[in-house]
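Before anything else, here's the structure in question.
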Amino acid sequence: MKHLIRTLSALCLLFSTAALAQEGEVDIALVLAVDVSNSMDREEQELQRQGFVEAFRSTLVHDAVRDGMLGRIAVAYVEWAGEGEQRLVVPWTVIDGAETAIRFADRLQSAPISRARRTSISGAIDFGVRLLGQSNVEALREVIDISGDGANNRGRPVTEARDEAVAKGITVNGLPIMLKKPRSYWDIEDLDFYYRDCVIGGQGAFMVPVRERHQFAEAIRTKIVREIAGPVEVPLIQPAQAEPRVNCLAAQSPRLDQWRN
């Protein structure tokens, strides 16, 4: 009898431990890395923020979370600009349904929007990689979602950061914001091509360009739903592919030697 009790106790402990372990498992750990550089005006920044808020209040996103293998995701929201200019706005949050998604949206909406100079996509990717290492969840997939309106002009080359992230099994997706025509040396004419060749990478990597202000909310919602649902096609870019079709150092070349020194 005592042996049976000990066996049952051991089994209960085993099942309890397994259940606790499963509580830390999620379908995706998603870093939302959002550009707040001075090249974006206040209205654009507010539209961008509101687009993410509305996405996590959307039943489409709630349904996508619910339909996942585990029905749980982990999300962190980051604002970034130049090298060393990254701010964690909403820390890692596990979302397992409408209630937790709406709480995440409310917290995001109440946070102030920061602003800073320059554009370091490589810095944002590196920060996202470090953040994923601190998520305290076991994710089936890890994704860094970069939104921005310009090319990398500070920090190390963006392709180096992208390729190192992909080598760790992380997917980098993109939301290139193309509302304005290029006005300076730092601007890129075809930002969508730049994101395609220089920024995104990994399993199922994709991008959703925003060309009109009214597209913000729908584009962000579409992208998040697709990220939660998982990859449905072959990667758009691999780090070992042939030479990119655009110059990935286009906005950075004059300062590249200075960075390496």
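The values are calculated or read from the model by the stated rules, or taken from the named source; none is laboratory data. Quick caveat, the model's predicted, so the values are computed rather than measured. For neighbour counting, all protein chains shown are included, and Cβ atoms are generated from backbone atoms with ideal geometry for every residue, glycine included.
Restricting to the range 126-155, give me the number of residues that are of a type in the set (A, V, I, L, M) and over 11 Å from the mean Cα position of the chain (by Cα).
Matching residues across the range 126-155 total 4.
So, one more: Go through the range 138-156 and give me each residue that's at pLDDT 95 or above and in contact with a helix residue (DSSP H, G or I) (Cβ under 9 Å, 6 or more places away or on another chain).
Residues satisfying the conditions are 138, 139, 141, 142, 143, 144, 145, 146.
Also: Regarding the range 128-143, can at least one residue be identified that is without any contact (Cβ under 8 Å) to a residue 60 or more places away in the chain and in a helix (DSSP H, G or I)?
Yes: one or more hits.
Let me ask another. Residue 122 fails exactly one of the following numbered conditions: (1) over 13 Å from residue 33 (Cα atoms); (2) surrounded by 14 or more Cβ atoms within 10 Å (Cβ to Cβ); (3) not acidic (Asp, Glu). What is the number of that condition?
So the condition that residue 122 fails would be (1).
Right, something else. Determine whether residue 260 is farther than 14 Å from residue 153 by Cβ, modelled with pLDDT of 65 or more and surrounded by fewer than 16 Cβ atoms within 10 Å (Cβ to Cβ).
When the stated conditions are applied, residue 260 does not pass them.
Here's a follow-up. Is there a residue being assigned to a loop (DSSP other than H, G, I, E, B), at pLDDT 70 or above and surrounded by 15 or more Cβ atoms within 10 Å (Cβ to Cβ) anywhere in the range 176-187?
yes
Restrict the check to the range 95-109 and report whether at least one residue is free of Cβ contacts under 8 Å to residues at least 60 places away in the same chain, under 16 Å from the mean Cα position of the chain (by Cα) and either part of a loop (DSSP other than H, G, I, E, B) or surrounded by fewer than 18 Cβ atoms within 10 Å (Cβ to Cβ) (or both).
No, the range 95-109 contains no residue that is free of Cβ contacts under 8 Å to residues at least 60 places away in the same chain, under 16 Å from the mean Cα position of the chain (by Cα) and either part of a loop (DSSP other than H, G, I, E, B) or surrounded by fewer than 18 Cβ atoms within 10 Å (Cβ to Cβ) (or both).
Regarding the range 43-65, can at least one residue be identified that is farther than 30 Å from residue 211 by Cβ, under 17 Å from the mean Cα position of the chain (by Cα), buried (at least 20 other Cβ atoms within 10 Å of the Cβ) and at pLDDT 95 or above?
No: the range 43-65 contains no residue that is farther than 30 Å from residue 211 by Cβ, under 17 Å from the mean Cα position of the chain (by Cα), buried (at least 20 other Cβ atoms within 10 Å of the Cβ) and at pLDDT 95 or above.
Only residues that are assigned to a loop (DSSP other than H, G, I, E, B) and over 14 Å from residue 131 (Cα atoms): list them for the range 144-169, please.
Scanning the range 144-169 gives 149, 150, 151, 152, 153, 154, 155, 156, 157, 169.
A further question follows. Based on what the data block shows, is residue 218 modelled with pLDDT of 90 or more, surrounded by fewer than 17 Cβ atoms within 10 Å (Cβ to Cβ) and over 24 Å from residue 129 (Cβ atoms)?
In short, yes.
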